[in-house]
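To start, the structure under review is shown below, and the notes come after it.
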Amino acid sequence: MEQPASLLPEELPQDLPDLAAESRAEIRSLEESYRQAKALADAAAGQDRPQLLFKGEAYRVGSHFFPSDKDDYLLSLTLQWRSWDGGENRAKARQSLALAESLLSRVEDMKLEIRRETVEALESLREARERVKTAEVMVEQATEDHRISLRRYEARVGTNLDVMDARVRLEQAMNDLVDARCDLLSSQAALRYALGEDGWGQIAATGKPVSKGN
């Protein structure tokens, strides 16, 4: 397995958990639902308050329709106040406000969960990078040991068993390297999921959030 192309720089921003909590699509969706529920609560509460209505009308008919021109304009200002509605508006306001508070609580809980996922993904990524480095060193050492044992065998100062043992160690080291590189790709995928596509796009290949103006 060839070395996978690095999707992320070696040094990553320290605020990735916060970036993930702000950039995930489900967070923005819940926040929008919260704002809508809060607006509904405010609108329902406003029904119990005095309401001032302004209305304007203009009516004009040209002479080609009627014998004479006629232009009428009407402006009206109305104040109305519903004195009693059986508590309907207050109930709607309380219901919408309870929904808004529930959504806000879900937003905060989800942000905590996303931050936890991001921290775990970052730690897994760091460990995977270290395993890849270690496995690469082991492959280099096993390759050199195999080369030396083969030369010793060709020079008739080593045995075929030594060559076979060195070959087994080399193949095991290569298998460990493949596993480490697979773990690296898996940890990068986990971090991508934790950040969301928007957050991932801001740090991939740059290592820092991209300016909104870019």
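The values are calculated or read from the model by the stated rules, or taken from the named source; none is laboratory data. The structure displayed is predicted, hence computed values, not measured ones. Quick reminder, even Gly has a Cβ in these numbers, built from the backbone with ideal geometry, and neighbours come from all protein chains shown. For the accessible areas, the whole protein counts, side chains as well, though only heavy atoms, and no ligand, DNA or RNA atoms are used. Shrake-Rupley method; radii C 1.70, N 1.55, O 1.52, S 1.80 Å.
Only one residue of ALA100, ILE114, SER149 has its Cα farthest out toward the positive end of the dipole of region 89-162, where Lys and Arg carry +1 and Asp and Glu -1 on Cβ, and that residue is ALA100.
Taking label points 7 Å from Cα along the Cα-to-Cβ direction, ALA91 and GLU136 give a separation of 6.9 nm.
Restricting the trypsin sites (Lys or Arg not before Pro) of region 125-207 to loop positions (DSSP other than H, G, I, E, B) with no more than 11 neighbouring Cβ atoms within 10 Å leaves ARG156. In this structure the amide hydrogen of GLY158, modeled in the peptide plane, comes within under 5 Å of the amide hydrogens of TYR153, none closer than 5 places in sequence on its chain. I need the calculated FRET efficiency for the pair THR143 and ASP15, taking r as the beta carbon distance and R₀ as 45 Å, to the nearest 0.05. Computed FRET efficiency for THR143 and ASP15: 0.65. Going by accessible surface with a 1.4 Å probe and the largest first, LYS111, LYS38, LYS55 read LYS55, LYS38, LYS111.
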